[in-house]
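No value in this document is a laboratory result; all are computed from the given coordinates. Since the model is a prediction, treat every value here as computed from it, not as a measurement. Reconstructed Cβ throughout: ideal geometry from the backbone, glycine too, with neighbour counts over all protein chains shown.
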Ligand code: GDP
């Protein structure tokens, strides 16, 4: 942990996951080039080479034996990801080779990097602000078109630019208000209170817009949870399998087979959906089943969409209590077997999970619940709980500032509230951070990033 604070040490770690054809081992720090030179034999030493160059050669062990043929990429401070000298060694994808290179680098004075340490150093060196550093982790984790889109917008810095503009406005106001203090004898107002008020309202509107984007941002980043509910044997497991086109759930004829919740995920038009097949809700004395049913209730309350399944021979839907933000989709299954000419309410989707009938309509309905119209690659959307909490606190401080203006309080009191807003906005971009926050953020990164 101490190593993460000390940016003078040189760190080393594999930057790629095992199993690929090649592996990249990364060194960063003021001894990176010297350490790499002690392992690398090329046409000339890396210490003589310029930054942004590639070098072919081989890595030798302590006895001068060749371990592997490699290509080395050299980046010189400050023009690198971390701002320090960086050497990236691309070797063949053998775990043994990787381990040997890392071991030898450590023997020659490097330290094993902790999770996220390269990106943390980039942040501390001012290469990127905190929200952009966090987006690096999001982009690596992104697994759908939309989760990638929001992460890459954040990584490119559109979000930081928006927050930066808000902070700039507020800082300007603060300086005007604080200037009044220097002239307090003369009773002057450098910051016109009417303008000040309308500016605060405008900033609050923008903060509120960002806060309300969190609902969609969270869905785009983490996916939509759909709880599939219904009586035993209506075909919940079969439907889950059909939705994810895979045999994840166990299907059987005995009512109550799905004792526990089973999940599977799939992507529908760029959005990840997480389907949870719940145990049927019905009276039972079986302890295991009862536990499954309790879990069903918990799953249901956390889901964004409740998909209620019934069958064509008994197309009734028991009453379901929905949360304020929950969407409800009613589906009738087994239309291949029973009463094909049944008439249903217009919102009910008839399907045969077994034969795949009606599945396109069902997928379209699920997708239409996530409204991505009007969003594009430049949309600034909050996807991060930490940012959302900071924006909410900024909004509260804004309320206080507005009240101070309305009550005609003195400039120094108003500026104190504005400083609080600045503080909370600064938490997002990292102008204001504690070591604990940094640790929490970067410890979720992988090693080598
Ligand atoms: P669950 O208890 O709600 O999870 O129900 P299952 O998915 O285990 O299905 C119960 C039975 O219904 C199994 O025998 C399935 O093969 C059958 N089943 C599921 N979907 C359909 C369907 O669309 N048509 C027909 N004919 N049978 C189905």
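Order these peptides, 139-147, 225-233, by their mean beta-carbon neighbour count within 10 angstrom, highest first. Walk me through the numbers before you get to the answer.
Details: 139-147: 16.7, 225-233: 22.1.
In decreasing order of mean packing, 139-147, 225-233 become 225-233, 139-147.
Please state the relative contact order of the stretch 310-391 as a whole percent: Cα pairs under 8 Å, 6+ residues apart? Can you show the working numbers first?
On the way: 60 pairs, mean separation 17.5, N = 82.
Over the stretch 310-391, the number comes to 21 percent.
How high is the FRET efficiency between residue 298 and residue 363 when r is their beta carbon distance and R₀ equals 25 Å, given to the nearest 0.05?
Values: r = 26 Å, r/R0 = 1.04.
It comes to 0.45.
So if I take the centroid of the Cα atoms in the stretch 68-122 and the same for the stretch 384-449, what is the distance between those two points in Å?
Each part reduced to its Cα centre gives a spacing of 35 Å.
Between residue 318 and residue 403, 0.36 nm times their residue separation minus their Cα-Cα distance comes to what? Could the numbers behind the result be given before it?
Details: separation 85, 0.36 × 85 = 30.60 nm, distance 4.94 nm.
The residue 318-residue 403 span can extend by a further 25.7 nm.
What percent does the relative contact order of the chain come to when contacts are Cα pairs within less than 8 Å and at least six residues apart?
With pairs under 8 Å counted, the relative contact order is 17 percent.
Based on other C-beta atoms within 10 Å, arrange 46, 322, 179 from fewest to most.
On the way: 46 21, 322 11, 179 14.
If I rank by nearby Cβ atoms, fewest first, I get 322, 179, 46.
Which order, highest average first, do 403-412, 92-101 follow once you tally other Cβ atoms within 10 Å for each residue and take the mean per peptide?
Listed from highest to lowest mean packing, they are 92-101, 403-412.
For 344, 56, which order do you get if you count the other beta carbons within 10 Å of each Cβ and list the fewest first? Can you show the working numbers first?
Details: 344 14, 56 10.
Ordered by Cβ neighbours within 10 Å, fewest first: 56, 344.
Per residue of the chain, what 222 nm ellipticity follows from adding -39500 (n - 2.57) for every DSSP H run with n ≥ 4, rounded to the nearest 500? Spell out each step's value before the answer.
Values: 14 runs with 197 residues, N = 449.
One gets -14000 deg cm²/dmol as the mean residue ellipticity at 222 nm.
How many nm separate the modelled label positions at residue 181 and residue 125, each set 7 Å beyond the Cα in the direction of the Cβ?
3.7
Counting DSSP beta bridges in the stretch 11-129, what percent are antiparallel, to the nearest 5? Intermediate results must be reported in sequence, preceding the final value.
Details: 27 of 29 bridges.
Counting only bridges with both partners in the stretch 11-129, antiparallel ones make up about 95 percent.
What three numbers, in Å, describe the spread of the alpha carbons of the chain along their principal axes, ordered from the longest?
If we take the Cα atoms of the chain, the spans are 82, 80, 40 Å.
With a Cα-only, solvent-free Debye model of the stretch 11-129, what are the log10 I(q)/I(0) values at q = 0.10, 0.14 Å⁻¹?
-0.26, -0.52
Quick one: work out the % antiparallel among DSSP beta bridges in the chain, nearest 5. Working shown, then result.
Numbers: 36 of 56 bridges.
Antiparallel: roughly 65 percent of the beta bridges in the chain.
Using Cβ counts within 10 Å as a stand-in for footprinting exposure, how do 174, 446 rank, fewest first? Could the numbers behind the result be given before it?
Working: 174 20, 446 14.
So the ranking, lowest neighbour count to highest, is 446, 174.
Counting DSSP beta bridges in the stretch 302-449, what percent are antiparallel, to the nearest 5?
Working: 2 of 11 bridges.
About 20 percent, rounded to the nearest 5.
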